[in-house]
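Participant: Can you keep this structure in mind? I'll have questions shortly.
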Amino acid sequence: MKYLSTRGGMPPKSFTEILLGGLATDGGLTIAEAYPKFGKEELAAMRGMGYRELAFEVIRRFADDIPAADLKAIVDKTYTAAVFRNDEITPVKTLEPGLHILELSNGPTLAFKDVAMQLLGNLFEYALARDNAEINILGATSGDTGSAAEYAMRGKRGIKVFMLSPLGKMSPFQTAQMYSLQDPNIFNIAVKGVFDDCQDIVKAVSNDLDFKARHKIGAVNSINWARVTAQVVYYFKAYFAVTKNNDEEVSFSVPSGNFGNVCAGHIARQMGLPIKKLIVATNENDVLDEFFRTGAYRPRPETHHTSSPSMDISKASNFERFVYDLVGRDPAIVKELWQQVDGGGSFDLAKTPYFAQVGKFGMVSGVSSHADRLATIRKVYEQYGVMLDTHTADGFKVGLEHREAGVPLICLETALAAKFDETIRAALGREPERPADLVGIEDLPQRFEVMDSDVEAVKRFVVAHSA
């Protein structure tokens, strides 16, 4: 399996050659030259598999330059009950016949990002050890991405993580999740400023190509192909859990900001999984919904801050992979479209033959507001006794709008409600539940460095503590 760039300017590379990187060398996104296909017999054989076996069957099609025995060992090490609190890894909860929630939040940081990030941590460690190499990961977070990356990379040989976060701007729970880690390869830098200041520092360091090369600076972000590959697995797992045979179709509702999670569903569908609809649910930042309704992709100059903050994104990074498929995998078209986007503009496919193909890919969309998510959280708790987080509530609300009789609807959970206690209190008038091992996490000793919003200060810190 070789990987190309959506913009056509990168020579074909193997899975491990693109593993540690984010963007392709030409600024595009890496993507498989063709999607592996599963026929009826293969799907029938996969139906009875447990999560680890299923993950190996899917991922080995993409990572075929890793010896099978090595890949199987990595997968088996990653997906355990000890890490994910459940041997099913991503169990399905049935609320009523034909209506289900796919639990993706059983990992260490209670967010769906753990499912892919835990695999990425083990893949990174394997690749670095094989080449006797080291990497310094520099990132910025407002809470969730940072903790998922840190918990995945803690204790890994050859990896150090430097995570910037805004001092005093995260919830006490999110802060404790990160700052209480005592692993010597994890460094939390609390920046006197807001999240945008943290992100600006990371961009400035990344743009210093000499510093980046000398100090082996790497990134862990949502456009990493290995993360998307790992997410494909749970679509197969959920499909087999709610159907009796492979002639049935299901629909998935996916809360979406960066388009990574639903992009994995798109890939699963292209691989032959019988998915009828992929329902893209946005919050007030409705850039994706506007595209699927009108054909216009217009990143906004400002992002609304909402009560489902992980979806507060106005430029969906992974969307470029879907558009690549939508325009017939023509990199020249993608390059032209994203030149407009990267220049601060937009594009409109409404009057092109490409937009008419959206339905062929099963994509539909909708929007959820703060009032909608409060009402959905109340409704689901009263009706089913299940407490949704704010992002999952967005997906549930939009999913119900597109629900069809006779087609099972699976709503993807993105986090546990415990991470968003303020909104849960507003919706339900009570504290959210949390796993027993995370009770009192805020009381643990915390280890972090406080810094001004200063690029050079962060560089000096990385140099002093780097691999």
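No value in this document is a laboratory result; all are computed from the given coordinates. Keep in mind the model is a prediction, meaning the values are calculated, not measured. Note that each Cβ is placed from the backbone with ideal geometry, even for glycine, and that neighbours are counted across all protein chains shown.
Participant: Under the Karplus relation 6.51 cos²θ - 1.76 cosθ + 1.60, θ = phi - 60°, what is the ordered set of whole-Hz ³J(HN,Hα) values for the stretch 397-414, x standing for Gly and Pro?
Facilitator: My calculation for the stretch 397-414 gives 4, 6, x, 4, 5, 10, 5, 10, 4, x, 10, x, 10, 10, 9, 7, 6, 10 Hz in order.
Participant: Please compute the modelled spin-label separation between Lys244 and Gln383, points set 7 Å along Cα→Cβ, answer in nm with one decimal.
Facilitator: 2.5
Participant: Moving to a separate point now. Which one, Thr109, Val242, Val202, projects farthest toward the positive side of the charge dipole computed for the chain from Cβ point charges (K/R +1, D/E -1)?
Facilitator: Of the listed residues, the answer is Val242.
Participant: In the chain, if every C-alpha pair distance is counted and binned at 10 Å from zero, what percent goes to each bin?
Facilitator: 4, 21, 32, 29, 12, 1, 0
Participant: Out of all DSSP beta bridges in the chain, what portion is antiparallel? Express it as a percent rounded to 5. Present the calculation step by step, with values, prior to reporting the outcome.
Facilitator: On the way: 11 of 47 bridges.
Roughly 25 percent of the beta bridges in the chain run antiparallel, per DSSP.
Participant: Using the crude model of +1 on Lys and Arg Cβ and -1 on Asp and Glu Cβ, and no other charge, please compute the dipole size for the chain relative to its Cα centre, in debye to 20.
Facilitator: 660
Participant: Moving on. Taking the Cα centre of the stretch 342-415 as origin, sum charge times position over the Cβ atoms of Lys and Arg (+1) and Asp and Glu (-1), and report the length of that vector in debye to the nearest 20.
Facilitator: The calculation lands at about 180 debye.
Participant: Then there's this: State which entries of Lys40/Lys419; Lys93/Lys160; Lys203/Lys419; Lys72/Lys244 exceed 31 angstrom in Cα-Cα distance in the structure shown.
Facilitator: Lys40/Lys419; Lys93/Lys160, as the Cα separations exceed 31 Å there.
Participant: Using a cut-off of 12 Å between beta-carbons, work out the net charge of the residues near Glu248 (Lys and Arg +1, Asp and Glu -1, Glu248 not included). Could the numbers behind the result be given before it?
Facilitator: Numbers: positive: Arg47, Lys244, Lys276; negative: Asp247, Glu249.
Taking every Cβ under 12 Å from that of Glu248, the sum is +1.
Participant: Let me ask another. In whole Hz, with x marking every Gly and Pro, tabulate ³J(HN,Hα) for the stretch 217-224 from phi via Karplus 6.51 cos²θ - 1.76 cosθ + 1.60, θ = phi - 60°.
Facilitator: In residue order, the calculated couplings are 7, x, 9, 10, 9, 6, 8, 4 Hz.
Participant: Take every Cα pair under 8 Å in the stretch 35-156 that's 6+ residues apart, average their separations, divide by the length, and report that relative contact order as a whole percent.
Facilitator: In percent, rounded to a whole number, it is 18.
Participant: Would you mind checking which residues have amide H under 5 Å from Leu104's amide H? H placed 1.01 Å from N; only 5 or more apart, or other chain.
Facilitator: Those lying under 5 Å, H to H, from Leu104 are Glu413.
Participant: Another one. So what is the calculated 222 nm ellipticity per residue for the chain, using -39500 (n - 2.57) for each DSSP H run with n of 4 or more, over all residues, to the nearest 500 deg cm²/dmol?
Facilitator: -12500 deg cm²/dmol
Participant: In whole angstrom, note down how far apart the Cα centers of the stretch 290-320 and the stretch 176-236 are.
Facilitator: Comparing the Cα centres of the stretch 290-320 and the stretch 176-236, I get a distance of 21 Å.
Participant: Based on alpha-carbon centroids, what's the gap between the stretch 382-461 and the stretch 91-115 in Å, whole number please?
Facilitator: Value for the Cα centre distance between the two parts: 12 Å.
Participant: Between Lys40 and Asp76, how many nm apart are label points set 7 Å from Cα along the C-beta direction?
Facilitator: Simple spin-label model gives 3.4 nm for this pair.
Participant: Expressed as a rounded percentage, what relative contact order does the chain have, with Cα pairs under 8 Å and six or more residues apart? Please list the in-between numbers first.
Facilitator: Values: 886 pairs, mean separation 89.0, N = 467.
The normalised contact order for the chain reaches 19 percent.
Participant: Something else: Nearest 0.05, what FRET efficiency do Ala375 and Arg214 give at R0 = 51 Å with Cβ-Cβ as r?
Facilitator: In this case the efficiency is close to 0.45.
Participant: With θ taken as phi - 60° and the coefficients 6.51, -1.76 and 1.60, list the Karplus ³J(HN,Hα) couplings across the stretch 258-271 in order, rounded to whole Hz; mark glycine and proline as x.
Facilitator: Going residue by residue, I get 9, 6, x, 5, 6, 4, 5, x, 4, 5, 4, 5, 5, 7 Hz, with x marking Gly and Pro.
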